[in-house]
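The structure is given below, and queries will be raised subsequently.
Where a number appears in this text, it was derived from the coordinates with a stated rule and is not lab data. The structure presented is a predicted model; accordingly, all values stated were derived computationally and were not measured.
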Amino acid sequence: MKRKVLLAEDDPVFRELVSDILQEAGYEVVAGENGQEALDLLLTRGADMAVLDLNMPVMDGLELTRRIRSDERLKEMPILMLTVRSYVEDQITGFDRGADDYLTKPFDRKMLIARLRVLERRILGNA
Ligand SMILES: [Mg+2]
């Protein structure tokens, strides 16, 4: 069965690109344009893993990560955070809030999938 990835990204072009990359790698994707929309999708449709942009309107990736980590049913979900920011402080904040890994845009599509596979293997186990 395909693993489902929750994608939250406010840039429509980038959202489409990452969605395509994930689907080509064999994942099912549910995508929202901000953290709130992604949280609603997660609560109604579920997901196994999350790829979250840090900077988004309405609710950013840090707040969405905090919500996921404070929900008993969701807190073990692997979270990979994406950002254009390369400041160390932002990466540390992401980890403090519960992100499992971090990729700075732009990134190689193979690297995105490689990082996701690591999280999948280590946190979810091989299905
Ligand atoms: Mg953004």
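Restricting to DSSP H runs of at least four residues, report the calculated mean residue ellipticity at 222 nm for the chain, -39500 (n - 2.57) per run over all residues, nearest 500 deg cm²/dmol.
The per-residue figure over the chain is -13000 deg cm²/dmol.
Follow-up question, since we're still on this one. Using amide H atoms built in the peptide plane, which far-off residues or other-chain residues are under 5 Å from VAL29 H to H?
HN-HN under 5 Å from VAL29: VAL5.
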